[in-house]
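What follows is a set of notes on a single structure, which appears directly below.
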Amino acid sequence: MINKIAASVAEALTGIADGATVLIGGFGTAGIPGELIDGLIDQGARELTVVNNNAGNGDTGLAALLKTGRVRKVICSFPRQADSHVFDALYRSGQLELELVPQGNLAERLRAAGAGIGAFFTPTGFGTELAKNADGSPKETRVINGKSYVLEYPIFGDVALIKAERGDRWGNLTYRKAARNFGPVMATAARRTIASVYEIAELGSFDPEAVVTPGIHVSAIVQIPRVATQAGGFKAAA
Amino acid sequence: MSYTRRTKDELARRVAQDIHDGAYVNLGIGQPTLVANHLPPGIEVVLHSENGILGMGPAPAAGEEDYDLINAGKQPVTLLPGGVFFHHADSFAMMRGGHLDICVLGAFQVSATGDLANWSTGEAGSIPAVGGAMDLAIGAKQTWVMMDLLTKQGASKVVAQCSYPLTGIGCVKRIYSDLATLACTPQGLKLIDKVEGLEHAELEKLVGLPIAAA
């Protein structure tokens, strides 16, 4: 029998090794799997590479993980936010490496990892500072049918932590509104994907036409108590 | 002769005039979001938000905010009837694949041939952040910029060559500004319209570049 339902966050997160690349869903605070991030802090893995669109808000969630000093590198598109002081301090003091990736390239590099694509040519970033490697050398480019492209490689995760709305014991998932964001694509890109859900659905109760992430991409789901998503990451209107 | 700058709302209205019925449009963070308030009555425009929304509606009433339903600026929004959600890779494929008709962005600088600089001032020690700017710049069928023509110091933001780090090359088709609307072409700038009382020669002097007549 397949039963991907974990009894607790701690059980779902066992086996995350030091040095792992952890894909963390969310855009701003929507879709951030806060309970799983707290579980990762308790679990204690170190020297992590974290992939998220942002780099933490306030002092909780991803910001709290960064604060532990267990993250070596962040791959993201938009670290600077109104309340990203934890990232800002670590980055400015040289304690955290940053790989800045245009948001669409970030999503497509994850998609490529999940889809078995070796690398891909994208028009995004051509001719800009982000078409350079970490050592400053130019990324490979090519003109195809008169248009210029940059070669980008997949981003593989050892583990993905994502927030879904409902899940069944096979790991099929649905999401809630724009909290879906990176969840489905990160689920495909990691060797092990762990999803938090607010509701466990009976197997067979999902409309098969409406499942967003098929369970093949999910290793474990864990139910968490429902809380309303909080605001974060933007400047409040004056 | 004297002239008056377009206010932010007048500028938003000017941009909105050029958006056609049935258009799929992405409005960038900041000033471009104002365009939504000025769309002509009687037309249907589908707004895209890069975090996975088509058919985005206005801000909710106070107390009805749902922070799982936010725009690219992370502000709470609503979903119109017919609106849909999708994941990030699909959202950016929509953009990169040329399926959006119009994208309206802010800018630090735009070159006469449509190079865009809007993601970084290149200032030493600043935290870099690009978000979806580079994808938006090159993705839509038409990329329009909405900005003041001059900096607070009076320098033209329309330039021969951008001095700030580039977001995209040759991607901007039109500049909607407080003083004039300009087309960017491989041959340089072309006038679309200007505020009443502003002479063509004076506009060219402010910009410091030749502008072909409308």
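Numbers for the structure displayed
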item	result
Restricting segment B:55-69 to residues that are surrounded by 20 or more Cβ atoms within 10 Å (Cβ to Cβ) and closer than 21 Å to B:Leu136 by Cα, the residue that is nearest to the other protein chains (Cβ to nearest Cβ)	B:Leu69
Residues that are surrounded by 13 or more Cβ atoms within 10 Å (Cβ to Cβ) and more than 18 Å from the chain's Cα centre (by Cα), drawn from segment A:204-214	A:Phe206, A:Val211
Qualifying residue in segment B:161-176 (condition: among the polar types (S, T, N, Q), under 26 Å from A:Lys132 (Cα atoms) and away from chain A (no Cβ under 13 Å))	yes
Close pairs (8 angstrom Cβ cut-off, 6 or more residues apart or separate chains): more than 8 Å from chain B (Cβ to nearest Cβ) in segment A:85-102, of a type in the set (Phe, Trp, Tyr) and surrounded by 14 or more Cβ atoms within 10 Å (Cβ to Cβ) anywhere	A:Leu96/A:Phe87
Qualifying residue in segment A:189-202 (condition: in a loop (DSSP other than H, G, I, E, B), out of contact with any helix residue (DSSP H, G or I) (no Cβ under 9 Å at 6 or more places or on another chain), free of Cβ contacts under 8 Å to residues at least 60 places away in the same chain and more than 21 Å from A:Gly39 (Cβ to Cβ))	yes
Yes/no for A:Val227 being crowded, with 16+ Cβ neighbours inside 10 Å and not basic (Lys, Arg)	no
Count of segment B:108-157 residues which are touching a Pro at 6+ places or on another chain (Cβ under 9 Å) and acidic (Asp, Glu)	1
Matching residues, segment B:70-100, being modelled with pLDDT of 95 or more, within 23 Å of B:Thr143 (Cβ to Cβ) and within 7 Å of another protein chain (Cβ to nearest Cβ)	B:His88, B:Ala89, B:Phe92, B:Met95, B:Arg96
Test: residue in segment A:174-192 that is in the same structural domain as A:Leu40 (by TED's automatic domain parsing), touching a Leu at 6+ places or on another chain (Cβ under 8 Å) and among the hydroxyl-bearing types (Ser, Thr, Tyr)	yes
Qualifying residue in segment A:172-189 (condition: at pLDDT 95 or above, touching a Phe, Trp or Tyr at 6+ places or on another chain (Cβ under 6 Å) and farther than 18 Å from B:Asp90 by Cα)	yes
Segment A:151-191 - residue that is basic (Lys, Arg) and within 14 Å of chain B (Cβ to nearest Cβ) and, of those, surrounded by the most Cβ atoms within 10 Å (Cβ to Cβ)	A:Arg180
Matching residues, segment B:76-116, being among the hydroxyl-bearing types (Ser, Thr, Tyr) and either surrounded by fewer than 23 Cβ atoms within 10 Å (Cβ to Cβ) or touching a strand residue (DSSP E or B) at 6+ places or on another chain (Cβ under 7 Å) (or both)	B:Thr78, B:Ser111, B:Thr113
Single residue of A:Ala107, A:Ala115, A:Ala119 found to be under 22 Å from A:Arg191 (Cβ atoms), at the interface with another protein chain (Cβ under 10 Å from one of its Cβ atoms), surrounded by fewer than 16 Cβ atoms within 10 Å (Cβ to Cβ) and at pLDDT 95 or above	A:Ala115
Breaking point among (1) in contact with an Asp or Glu (Cβ under 7 Å, 6 or more places away or on another chain); (2) within 14 Å of another protein chain (Cβ to nearest Cβ), for B:Tyr24	(2)
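Every residue, every condition in (1) at negative phi; (2) among the hydroxyl-bearing types (Ser, Thr, Tyr), yes or no:
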position	(1), (2)
A:Gly15	no, no
A:Gly19	no, no
A:Thr29	yes, yes
A:Gly39	yes, no
A:Leu48	yes, no
A:Asn53	yes, no
A:Thr60	yes, yes
A:Lys67	yes, no
A:His85	yes, no
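The values are calculated or read from the model by the stated rules, or taken from the named source; none is laboratory data. The shown structure was predicted, so the numbers you read here are calculated from the model rather than taken from an experiment. Here the Cβ is made from the backbone with ideal geometry for all residues, glycine too, and neighbour counts use every protein chain on show.
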